[in-house]
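What follows is a single structure, written as structure tokens, with notes after it.
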């Protein structure tokens with residue numbers, strides 16, 4: 001081979017390698033861009049999840065939880081996939097957590113373990129489907145977020161396509177840890193010196209609606225509706241509070257609901273009927289307490305006030321499953 005031909009081959013090989021490297025870099029950059037692009041969709045009973053913890057370990061934040069889709073037609077619904085990026089976990093700054101918008105720079109966490117066995121989750125939601133492989137653990141470098149300046153909302157990306165959607169969960173990450181209500185709408189309640197102080201301090205706030213004067217706390221297997229002085233009670237003790245639940249165990253619902261094809265639980269009642277304000281020292285608040293059902297699993301709960309024709313206000317929330325007895 002003469003020198004001219006050899007040089008020609010070398011030049012072409014170098015050019016080919018350069019093209020391949022450039023393609024890889026561009027493709028990686030595009031994938032990174034799309035991985036960080038989330039179209040935010042509203043939470044709903046078609047999703048089921050729980051966030052167990054968010055802790056700092058050395059220079060890493062670690063988030064642990066579980067997720068599955070209870071309405072899936074598959075026998076083994078996908079959770080956080082081990083086949084690439086079928087599921088992604090991200091933190092959305094609360095300033096950008098608007099349903100229907102596209103977030104360009106979500107803080108994507110590294111999913112370290114996927115499809116972890118969670119037998120206790122599967123046992124609670126026992127039905128004809130197997131939800132045991134739903135656990136995940138994700139990590140993030142501590143320097144990637146600043147919890148002192150803002151809080152974040154956990155989002156779960158359903159797929160890795162360019163039209164990917166991400167569920168905005170009801171879980172927030174703040175400088176104090178995991179929260180279940182928007183920190184911007186979670187004023188401190190004035191319960192010091194009252195019997196409510198134990199519920200507020202040891203329980204978990206699941207609903208915070210200062211606009212209507214209502215807050216819901218979970219402590220163990222009970223839910224407490226706390227109404228402040230701005231809450232609009234009806235006359236004659238007829239303030240009906242909705243208490244509706246979706247479940248994976250539809251067959252365990254009361255016969256009347258199944259006969260009418262009402263495949264969710266509805267055990268709403270009058271606030272006054274379950275009120276404990278006169279039984280304990282509630283300070284300036286009024287309090288109603290209800291048991292969390294044990295006859296069937298609870299995916300999500302909708303509470304609020306319905307006037308018979310329209311929702312005056314409503315809120316979908318999740319239980320803290322770790323608190324259940």
Filter result (under 21 Å from residue 320 (Cα atoms) and in contact with a strand residue (DSSP E or B) (Cβ under 9 Å, 6 or more places away or on another chain)) within segment 228-262: 241, 242, 243, 244, 245, 246, 247, 248
When residues of segment 204-218 are limited to those that are part of a loop (DSSP other than H, G, I, E, B) and touching a residue at least 40 places away in the same chain (Cβ under 8 Å), the one surrounded by the most Cβ atoms within 10 Å (Cβ to Cβ): 212
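Among the residues that make up segment 46-53, is at least one of them in a strand (DSSP E or B), farther than 12 Å from residue 156 by Cα and modelled with pLDDT of 90 or more?
Taking segment 46-53 and keeping what is in a strand (DSSP E or B), we get 48-53.
From what's left, farther than 12 Å from residue 156 by Cα: 52-53.
Within this subset, residues satisfying the condition of being modelled with pLDDT of 90 or more are 52-53.
Yes, there is a match, as at least one residue in segment 46-53 is in a strand (DSSP E or B), farther than 12 Å from residue 156 by Cα and modelled with pLDDT of 90 or more.
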Extreme residue, nearest to residue 156 (Cα to Cα), among residues of segment 117-132 that are surrounded by fewer than 16 Cβ atoms within 10 Å (Cβ to Cβ) and free of Cβ contacts under 8 Å to residues at least 24 places away in the same chain: 117
Residue in segment 269-291 that is at pLDDT 95 or above, touching a helix residue (DSSP H, G or I) at 6+ places or on another chain (Cβ under 8 Å) and on the phi > 0 side of the Ramachandran plot present: yes
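Which ones in segment 237-264 are loosely packed, with under 13 Cβ neighbours inside 10 Å, over 16 Å from residue 128 (Cβ atoms) and touching a helix residue (DSSP H, G or I) at 6+ places or on another chain (Cβ under 8 Å)?
First, the residues of segment 237-264 that are loosely packed, with under 13 Cβ neighbours inside 10 Å: 237-238, 251, 255-256, 259-261, 263.
Okay, now just the ones that are also over 16 Å from residue 128 (Cβ atoms), so 237-238, 255-256, 259-261.
Those that are loosely packed, with under 13 Cβ neighbours inside 10 Å, over 16 Å from residue 128 (Cβ atoms) and touching a helix residue (DSSP H, G or I) at 6+ places or on another chain (Cβ under 8 Å): 237, 238.
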Total residues in segment 297-325, condition surrounded by fewer than 20 Cβ atoms within 10 Å (Cβ to Cβ) and touching a helix residue (DSSP H, G or I) at 6+ places or on another chain (Cβ under 9 Å): 2
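The values are calculated or read from the model by the stated rules, or taken from the named source; none is laboratory data. Model, not experiment: these values are computed from the prediction. Counting neighbours? That spans all protein chains shown, and the Cβs are built from the backbone with ideal geometry, glycine included.
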